[in-house]
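Here the structure comes first, spelled out in C-alpha cells, and everything after it is commentary.
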Amino acid sequence: MTDTTEARHRIERYDAGAIEPGWQARWAEAGLHDTDLTDDSRPKYYLLTMYPYPSGDLHIGHWYIVTPSDALARFRRMHGYNVFFPIGFDAFGLPAENAAIKNGGHPFTWTMQNIENMRRQFRSMGATFAWKNEVVTADPSYYGWNQWLFLRFLEAGLAYRARSSVDWCPNDGTLAREQVEGTDRHCWRCGALVEKRDLEQWFLRTTRYADELLDFTGLDWPDPIKNQQTNWIGRSEGAEIDFEVAPDDYQPGGDRLRVFTTRPDTLFGATFMVLAPEHPLVPKLTHPDRLAEVEAYVGQARRRTEIDRLSTDRAKTGVAIGADTINPVSGERIPIFVADYVLATYGTGAIMAVPAHDERDFEFAEAFGLEIRRVVAAPGEGADAPMGAAYIAHAAGEVLVNSGPYSGLPADEGGKAIVAWLAETGRADPKVTYRLRDWLISRQRYWGTPIPVIYCPTDGVVPVPDDQLPVRLPETVDYAGSGDNPLNHDETFLRVDCPRCGGPARRETDTMDTFMDSSWYWFRYLSPDEPGGPIDREITDKWTPVDQYTGGAEHAVMHLLYARFFTKAMADSGLVRDREPFKRLFNQGQILGADGERMSKSRGNVQDPDELVERYGADTVRLFLMFMGPWDQGGPWSPTGIGGVHRFLNRVWTLALDPHGREAGDPNAGTLPAGESEADARAALRSAAHKTLRDVTADYEAFHFNTMIAKLMEL
RNA sequence: GCCGGAGUGGCGGAACGGCAGACGCAGCGGACUUAAACUCCGCGGCCCGCAAGGGCGUCCGAGUUCGAAUCUCGGCUCCGGCACCA
C-alpha cells in the first residue's frame, strides 16, 4: 500500500470514537436540547420516557429503553416541533436501602453515585435530553412537594388511615415481597419465619375514581394495557345481602353478616356461607368447641400469599366455625365456614356459597359433603338434572328453579326481583364492587418521602403545616444491623412539638411508596426549580398532557394506573386542567441477557454499554438496539448481530464521503452495468429514495423501528 | 391459578387473509492479499435427487375460507403483572 492510499483510507474510515465525543460536547455546550418552554412559534411535543431507577447494575437495557424515544425526539424536531424530552431519576426505593443494610454506607451516597454514572452514560450515548429540567426524587426540592400534595389529598378526603397487614419479621420489621424467601416464607436477612402483622397505615382513595379510570376515551393506548387496567379495576355489579346469624346454645344470634354477590338470582341455592379468615366476626361467632381448630386454620391462612390463596389449582380448605346463619329467602339454617379462598379485601369479606353455580363453591361443597342445590336451569333442562360441575353459563332462556315464588322467572329478572324484595326491609342493596383496592402508600422504611403528619396525645393526627415543609429525612442514618426502619429510633426526628397545642408530639415514621414519586414527575419536569408550588400552572397548561409516553409493559396496571389517578385527583384539587396524563402510550419489551434471562449482576449476564461504545461507537449500538426486533417485544441480546449494523454505517459513511459515490472495496462500484442508461438509473434511484422516505416515515409513526432500518439498508 | 402478551430457517426477525422467510447474524463458495484480518461479489428453510424436479414446512390439534403464519375454538410452552422490586 502506498502512502497516499493509506492516508486516503484513514480519512474515509468510519471512526465513531473520533466523531461522537466532539459533537456531544458541542451539543451540551450549546444547550441544544434544552427546550425553550415559552417558545410558541412551533407546535409543542412532549415526549416522555419512564424515568429510570438508578440501580447498581447499569446495563444495555437502559439504552434499549431510551434509544428509540431519543430517535423519535430527533424525528419530531426535524418535522418542526418544539420537542421537550426530559429525564430524571426515580431515586428513592428499596435497593439503595438493601445495599446500605448489607454493606453499610448511606442510601443517599449509593444512589447519587449511580445517578452520576447514569448521567455519564446517557451523555456518552448522545441522548438528546433536556438536562436542565432534570428531576431527582430523593431531593427535598422534589419530595417536599410529595408531602404538599399528600396534604391536599388529606384535605380532600382522599387520604385516610386504616389497619392493614404487612409481612413482618420479628427482627427486621416489615418486609417487601422480594425480602421474603422460600416456601416456608422466611426473612432474606436473618432467616426468621415471616408473619403477618396489622398496622395503622395511610391509604389513598383510588376507588373513588374507579369508574372514571375505566373510561379510556381519547387515549391512544395499546388495547392489552387498557384490558389489563379494566380487569385490574374489576367492576362487578351485584348486590349486598344481609344474613342473620342463627341463635345457638352459646350465643343469642342476630348478628348481621353482609355478603356481596354478583348472582343474587342464585340466593335460594346458597347452602352455606364462607367468611374470610380475617373477618372481624370470626372470633365472636365461633363455637367455643371449635375455637382451637378455627384459630389454627386462621393462623395458617394468614401465612399464605394471596396468589396462593386465590389459586384455583389448589384443593379447597376451610373449617366450620360451628355457627349457622339463616338464608334470608328460604329461612333455612345454613352452616358458616372460614376458608382462605375468600379474601377480606374484596367485597365484604364474606360470601354466600352457591355450589351449584360457582366453581369454587362447588369444589368446596364436594370436599366437605355439602348440599348442592340447582336453582338455575338452562332451556330444556330439568329442575333436578344432576350436576357434575357448577353451571355458570349465561345462556338465553335460563330460568330459576327451586326458588320458591321466583321459580320460572328468567334468571336476570328473578335476581332483580329478589334484591328488590329484600331491599324493602333493608336486607339488601344493589351494589357495585371493584377488585381495585385503595392504594396503601405507607412504607415502614427510611429511604422515602416522610409522610407529613404528627401524632399528638391531645390533638390526635395533625398535618404538618405547609410552611414547615419539607419534612426532611435526617441526614445520618443508623441501621443498627437490622432492617427495621431507623426513623423509629431517631429521637431528633421523632420528637416534635404539636403544631396545634405546642405540646410534645411524635412524627409519623412511615414514608411514602415510591409510586407516589412517579405519579406526577412529568409535571415537575416542566418547572423543576419552582419554589412556590409543585407545578407552574401556566407552563403546565401549555405542555400537558404528555403527547407520547414510552415505557415497559410491566407498569401496565400499577404505575400507569396510579399516574392516571393522581392526575384526576390533582385536577379535582384545582392544580391541573387535564384529567388524563398521557395521550399516547407505547410499551416496549424487555431486553434480556444473551442467555434469554433477565439481565442482572447476580446472573452475570449483563451487557456493559461502555465496552460496546468503545468498540463500535454509540451510533452503532443505538442502531443495533433499534434493529434487533420489534420494540414492543424485547428479546435476548445478540453479541454477534451488532457487527452487521456497524458494517452498514461504514458503508453509508464511505458512500457519503467518496465523491464518486463508491462503496468501499467494490472495484465495480460507481460504474453502470452494461446496457443501462444513466438516466434510467437516476430515475430508479430517485424513485427508490422516495419510496423509502414514505415507508420510513410510516414506520416511525408506528414504532416499527426494525423494519424502518431494514428499508434504509435496502436503499 | 388469574389477567395480558408471544411462539415462523442454525439465530434475531419480515410478511393489507393472496409467491412464507424482507433485512441482518452465523455458515459456505469466490475476489482482493505473500498470508491473515478488513472490505467486496455470490449461495443459502428442511429432506430426496448429479440435475431437472419432487415431498414436507410458520408450537400441537380441530375449524372457517377458493386460499390461513395471519381469523375462530381447544391444548402445550415461554415471558410480563398479581397491589412492599421499580
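The values are calculated or read from the model by the stated rules, or taken from the named source; none is laboratory data. Predicted model, so just to flag it, every value in this text is computed and none were measured. Cβ: placed from backbone, ideal geometry, glycine included. Neighbour counts: every protein chain shown. Accessible surface is based on the protein model in full, side chains and every heavy atom, while ligands, DNA and RNA are left aside. Shrake-Rupley method; radii C 1.70, N 1.55, O 1.52, S 1.80 Å.
Total residues in the range A:273-311 satisfying the condition of being under 26 Å from residue A:327 (Cβ atoms) and of a type in the set (S, T, N, Q): the figure is 1. Set side by side, the residues A:197, A:185 differ, and just one is touching a helix residue (DSSP H, G or I) at 6+ places or on another chain (Cβ under 7 Å), open to solvent by 20 Å² or more (accessible area, probe 1.4 Å) and within 14 Å of RNA strand B (Cβ to nearest atom), which is A:185.
Of the residues making up the range A:223-246, those that are open to solvent by less than 40 Å² (accessible area, probe 1.4 Å) and within 11 Å of RNA strand B (Cβ to nearest atom) are A:225, A:229, A:233, A:234. Taking the criterion of being farther than 24 Å from residue A:166 by Cα, surrounded by fewer than 18 Cβ atoms within 10 Å (Cβ to Cβ) and not hydroxyl-bearing (Ser, Thr, Tyr), the residues of the range A:433-459 that qualify are A:457, A:459. From the list A:536, A:541, exactly one residue is in contact with an Asp or Glu (Cβ under 9 Å, 6 or more places away or on another chain) and more than 18 Å from residue A:43 (Cβ to Cβ). Which is it? Result of the check over A:536, A:541: A:536. Would you be able to say whether some residue in the range A:40-60 is more than 14 Å from RNA strand B (Cβ to nearest atom) and within 21 Å of the chain's Cα centre (by Cα)? Within the range A:40-60, one or more residues are more than 14 Å from RNA strand B (Cβ to nearest atom) and within 21 Å of the chain's Cα centre (by Cα). Flag not set for residue A:633, criterion: open to solvent by 50 Å² or more (accessible area, probe 1.4 Å), in contact with a strand residue (DSSP E or B) (Cβ under 7 Å, 6 or more places away or on another chain) and within 11 Å of RNA strand B (Cβ to nearest atom).
Scanning the range A:596-609 for residues that are away from RNA strand B (no atom under 11 Å from the Cβ) and either in contact (Cβ under 8 Å) with a residue 60 or more places away in the chain or of a type outside the set (Lys, Arg) (or both) returns A:601, A:602, A:604, A:605, A:606, A:607, A:608, A:609.
Of the helices (runs of 4 or more DSSP H) lying entirely inside the range A:55-140, not one carries at least 3 residues that are open to solvent by less than 40 Å² (accessible area, probe 1.4 Å), among the basic types (Lys, Arg) and touching a residue at least 12 places away in the same chain (Cβ under 8 Å). Taking every residue in the range A:163-191 that is touching a residue at least 60 places away in the same chain (Cβ under 8 Å) and within 12 Å of residue A:305 (Cα to Cα) and pairing it with any residue that is of a type in the set (Ser, Thr, Tyr) and in a loop (DSSP other than H, G, I, E, B), at least 6 positions away or on another chain, the pairs with Cβ-Cβ distances below 9 Å are A:185/A:305. For the range A:610-630, residues that are under 16 Å from residue A:712 (Cβ atoms), open to solvent by less than 50 Å² (accessible area, probe 1.4 Å) and either within 11 Å of RNA strand B (Cβ to nearest atom) or within 30 Å of the chain's Cα centre (by Cα) (or both) total 5. State all residues of the range A:170-198 that are part of a loop (DSSP other than H, G, I, E, B), under 24 Å from residue A:440 (Cα atoms) and not charged (D, E, K, R); if no residue qualifies, say none. Listed by number, the residues that qualify are A:170, A:171, A:176, A:188, A:194.
Checking residue A:580 against (1) open to solvent by 40 Å² or more (accessible area, probe 1.4 Å); (2) among the acidic types (Asp, Glu); (3) within 19 Å of residue A:228 (Cβ to Cβ); (4) more than 12 Å from RNA strand B (Cβ to nearest atom), which test does it fail? Checking residue A:580 against (1) open to solvent by 40 Å² or more (accessible area, probe 1.4 Å); (2) among the acidic types (Asp, Glu); (3) within 19 Å of residue A:228 (Cβ to Cβ); (4) more than 12 Å from RNA strand B (Cβ to nearest atom), the one that fails is (1). If you filter the range A:154-164 down to residues that are more than 9 Å from RNA strand B (Cβ to nearest atom) and part of a strand (DSSP E or B), you find that the one that is farthest from residue A:566 (Cα to Cα) is A:163. If you go through the range A:413-445 and keep only what is of a type in the set (A, V, I, L, M, F, W, C) and within 16 Å of RNA strand B (Cβ to nearest atom), you end up with A:432, A:436, A:439, A:440, A:441. Right, residue A:671: open to solvent by less than 40 Å² (accessible area, probe 1.4 Å), among the polar types (S, T, N, Q) and modelled with pLDDT under 85 or not? No: the conditions fail for residue A:671. Checked against (1) under 30 Å from residue A:157 (Cα atoms); (2) more than 16 Å from RNA strand B (Cβ to nearest atom); (3) among the small types (Gly, Ala, Ser), residue A:388 meets all criteria but (1).
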